Each structure stands twice: as C-alpha cells, then as structure tokens.
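Engineer: Pasting a structure below so you can have a look.
The values are calculated or read from the model by the stated rules, or taken from the named source; none is laboratory data. Owing to the predicted nature of the structure, the values given are computational and were not obtained by experimental measurement. No Cβ is skipped: glycine too gets one built from the backbone with ideal geometry, and neighbour counts run over all protein chains shown. Calculation scope for accessible area: heavy atoms of the full protein, side chains included, ligands and nucleic acids excluded. Shrake-Rupley method; radii C 1.70, N 1.55, O 1.52, S 1.80 Å.
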Amino acid sequence: MIRADIDLRRGAAVLLVLLAAGCGSSNEPGTGDSAAINTTTALDQQRPVVAANGDGRGVVVWESFGQDGSHFGIFARRIVDGVPEGPEFQVNSYTVSRQSFPAVGMDAEGNFVVAWRSSLQGSPGGTIFAQRFAADGTRLGEEFRVGPDDSIRDSQSEPQVAMGADGNFVIAWSNREVGALAEELGQNQLEDRWIEARVYNADGTPRTAPTRTTVQATDQYPRAPRVAMDAQGNFVLVWATASAGTVLRAQHFGPDLLPLSEPYDVNAVADGIDADLASVAMAPTGEFVIAWEAYTFGNVPLGIFVRRYDGPSSPLGPAAVVLPPSSGLVERNSIDLSPAGDLLLAAHAADRVRFAVQHADGGVFGPLLVSSSAYASLFPSVARSGDGRALIAWQSLGQDGDGRGVRARELSWR
C-alpha cells in the first residue's frame, strides 16, 4: 500500500509517504471488456454520469449533440448487473437550443431522477429542469422546472442530484446574475454568484422553494456544488469558493433545507497547494467523504485528496492522498461510499480512466486501468452497483466510430 498523509490543519503541508508491502499496482483488467452505452453514434455523446442502487440496478446519463434535432440533448440507458438493459432513451422533452450538464440520482428501488441545464427555456442564461423515471425507465410525470424564473439576467448551471433510499431527493446548482449596471458597463466582476438548492418528496412534489445556501459576503464566486444525502434525508452540500487559492466549503441541511451546521472549510490554503473540483459521498448513517483535485500553484498535480468525516465539521483526520499522481488518479474524480466505509474512486490522467478503492481500514485496492489504452478517455463517473461491485462510465474518443461516445463497465473489487 502507498499512503500519503497531508496535514493542512496549521496551513503547512507535511508530506509523509509510507511504503508498505503489497503496494497497489496499475493492473489492467482488460481493455475490451467495456460496453458501448450509446447506440446513436453520430457526432458526440459525452460527459456521462452514473447512479446505482447497490442492488444491481444502475443508469448512465449523458449529453448528445444533434440527436434531438437542436444542439445538445440529454439521453440515458439503464444498466442491470453491469449489462445495458433496453434501448437508450431521451430524457428532455423540450429540445430547443441546448440541454446539457446532466446529473442523476437513484433510490433503493431503482427509480431515478435526472436534472440538467436548459438554455432558452425560462431564463435566457439557463434554467435547471428535471425528470423522474421509474426503475423500468418509464417517465413519471412530465419534466419540471427546478430553478427559479424570476430574473432576465440570471444563469443557472452545474446541477447536482442526491437521492435517498426512500426516493426523496435534493437538487443543487450554481447561479449567477449580472445586474443592470454591471451589464451596461460590461463589468462582470460586479455580478452576484451563489449556490441554490431545492428538496423534493419521492412523488416529485417540491418540499421547499429554491433557496440560496451561500452568502456573497463570505463566499466569493461560489461554484461547482456537490451534494450527498443520508437515510434520514439530511444532506451535505460542498462547493468551491475563491480565496488566496480555492477553498472548499461544506454545510449540512435537514430534509426541509433548515441548516444543521454553519458553513465550514474542508481544506486550508497551504503554501503551494491549491484545490479544485470536489466530489462527495455519504453513507446512510451520515458518515461522509469529500475528495478533490490538488495541485501546486505551478499547476503540478499532487493527486486526489480525500477527507473523511463522521458528522458535520467532524473530520476523522487530516486530508490524505489515496494514491500519488503517478498512479493515474489526478483529475475529474468521482467517488461513492459503501455502507462499510469503503471509498470507491475513479479519476483520469493522460487520457486514461482508472479506479481504486480505499478500504475503511486504510488499505488500497488498485489502481486498475478501466478504459482502453487505444482511445482517449475522460470524465469518469462511479457508483456502487452491488456488494463489492462498482459501475464506472466515461467518455471515449473515436471508440464508437464517430467522435465521442460513452462506455461503461462493472468491476469487482473484492
């Protein structure tokens, strides 16, 4: 095992590299075992995201260029025990202009909800919409507006979904609004930015209105929200905000969006270390993990940092690198958490997607090369699909014969 612990609590970076027998290796489980998920291959199918219920059911969602007749649209395909089930299907009903940046969550029965950003459907800059589906892929009702439609200058983006086992769910997104004066002067630095969230019951009825969760005075230019939910419907919201470097912040909320904690910093801006693009996963009992990309200020990758918590603002230790950047786990990390505390991690580097597991006792499985070495592969997404199983999806360039396409595979890690 290779383990690197970074102590950031005093703003100093103390790197302790521990080498032990049985170190993880870049094993290749085979480059021909992935499945093509998109059946329409013309132009680009890209940025896949995956959700699973831990009992064999899963779904992969992506954006496809030109397939719905107007720019990007959202498409999906169900997965059962690692095998594509049924045909791909369109998620968005409104097809004018661009529907992009999909996100998805799934409940214990396999029902799922997809959210995305829709341009020119509501606010000119983009509005968040969503659609619910039954486990068999049947639509549940019509697509619905999630974000507010009370301004001509706001731009909603970066939707994220977390769904509880009982079907209740939360959608979070980022928003920005350029005021009339700023618009007239062309001074975008005068814009207002914030993170918003909205909670829904399992039947799709809204439990709350769209609610701002960040304050401009304390969170400068917040972006890239991430969200995870426990079995009681409590959830943690993580976002990035500007400081001397990038500070990741977190706050906890109840099922009615009432704060359960004050916002707190996940990382400290240590000399020479910057952070970006977090991911978060939460166990049913409320323990959670936050992961993020780490770099020197000279943009040299330091690997994927993780920090485990047993409750709001209660870390179980300092931030730690699961594996060094030489392992191939560097960017666009995606994580999930098993009930036993095993952390599933997928990331890419040098156009290759790899997967590793950090067990609850600190031991590491992998990394494994997941994608084909013959095709540039990016944007991995991972979900626990069963006991000791992980479902991983990513985009691959040229593998489906025309532009970008979506691949997936299920791996056993025990």
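Engineer: May I ask for log10 I(q)/I(0) of the stretch 315-363 at q = 0.17, 0.22, 0.33 Å⁻¹, from a Debye sum over the Cα atoms as equal point scatterers with solvent left out?
Structural biologist: Normalising to I(0) and taking log10 leaves -0.51, -0.82, -1.29.
Engineer: At a 10 angstrom cut-off on C-beta neighbours, averaged per residue, how do the peptides 141-150, 161-170 rank from highest to lowest?
Structural biologist: Working: 141-150: 16.4, 161-170: 22.4.
Per-residue mean Cβ counts within 10 Å order the peptides as 161-170, 141-150.
Engineer: Further question: Kindly state, to the nearest 0.05, the FRET efficiency for Ala374 paired with Asp81, given R0 = 22 Å and r defined as their beta-carbon distance. Before the final figure, lay out each step's value.
Structural biologist: Numbers: r = 27 Å, r/R0 = 1.21.
So the FRET efficiency works out to roughly 0.25.
Engineer: Can you list, bin by bin at 10 Å, the percent of alpha carbon pairs in the stretch 217-292, starting at 0?
Structural biologist: Taking all Cα pairs of the stretch 217-292, the binned fractions are 19, 51, 25, 5 percent.
Engineer: Counting only protein heavy atoms and a 1.4 Å probe, tell me what percentage of the stretch 81-162's accessible area is made up of carbon and sulfur.
Structural biologist: Details: 1520 of 3100 Å².
Carbon and sulfur: 49 percent of the exposed surface of the stretch 81-162.
Engineer: Could you sort 353-366, 107-120 so that the peptide with the highest average Cβ count within 10 Å comes first and the rest follow in order?
Structural biologist: Values: 353-366: 20.4, 107-120: 22.7.
So the peptides 353-366, 107-120, ranked by packing, come out 107-120, 353-366.
Engineer: Just going by the charge dipole of the chain, with Lys and Arg at +1 and Asp and Glu at -1 on Cβ, which of Met106, Ala283, Gly386 is farthest out on the positive end?
Structural biologist: Gly386
Engineer: Which FRET efficiency value, to the nearest 0.05, is calculated for Ala350 and Asp271 with the Förster distance at 30 angstrom and r the Cβ-Cβ distance? Before the final figure, lay out the partial values.
Structural biologist: Numbers: r = 28 Å, r/R0 = 0.92.
With R0 = 30 Å, the Cβ-Cβ based efficiency is 0.65.
Engineer: So if I place +1 on the C-beta of Lys and Arg and -1 on the C-beta of Asp and Glu, and nothing else carries charge, what would the dipole magnitude of the chain be about its Cα centre? I want it in debye, nearest 20.
Structural biologist: Numbers: 32 positive and 48 negative charges, 91 e Å.
The calculated dipole for the chain is roughly 440 debye.
Engineer: Below 13 angstrom from the Cβ of Leu277, what's the summed charge of the other residues (Lys, Arg +1; Asp, Glu -1)?
Structural biologist: On the way: positive: Arg223, Arg226, Arg332; negative: Glu158, Asp274, Asp276, Glu293, Glu331.
Here the charged neighbours net out to -2.
Engineer: Right, next: With the dipole of the chain worked out from charges on the C-beta (+1 for Lys and Arg, -1 for Asp and Glu) around the Cα centre, which of His252, Thr40, Tyr375 lies farthest toward the positive end?
Structural biologist: Tyr375
Engineer: Right, next: Taking 8 Å as the Cα distance limit and 6 or more residues as the minimum spacing, I'd like the relative contact order of the stretch 33-99 as a percentage.
Structural biologist: Working: 130 pairs, mean separation 18.5, N = 67.
In percent, rounded to a whole number, it is 28.
Engineer: Quick one: among Thr246, Thr41, Thr138, which has the greatest mean-square fluctuation in a GNM of the chain with alpha-carbon springs under 10 angstrom?
Structural biologist: Thr138
Engineer: Oh, and also: First compute the accessible area of the stretch 240-309 with a 1.4 Å probe, then give the percent of it belonging to carbon and sulfur atoms. Before the final figure, lay out each step's value.
Structural biologist: Values: 1380 of 2500 Å².
Here it works out to 55 percent.
Engineer: Next question, about the same structure. Scale the Cα Rg of the stretch 330-414 by the rule-of-thumb value 2.2 N^0.38 Å and send over the ratio, two decimals. Intermediate results must be reported in sequence, preceding the final value.
Structural biologist: Numbers: Rg = 12.8 Å, N = 85, 2.2 N^0.38 = 11.9 Å.
That works out to 1.07 for the stretch 330-414.
Engineer: For the stretch 77-155, count all C-alpha to C-alpha pairs, find those more than 20 Å apart, and express that count as a whole percent of the total.
Structural biologist: On the way: 1111 of 3081 pairs.
Summing the P(r) of the stretch 77-155 above 20 Å gives 36 percent of all pairs.
Engineer: Also, quick follow-up: Per the Cauchy relation, a quarter of the hull surface: what is the mean projected area of the convex hull of the alpha carbons in the chain, in nm²? Don't skip to the answer; put the middle values down first.
Structural biologist: On the way: hull surface 75.4 nm².
Reported value for the Cα convex hull: 18.8 nm².
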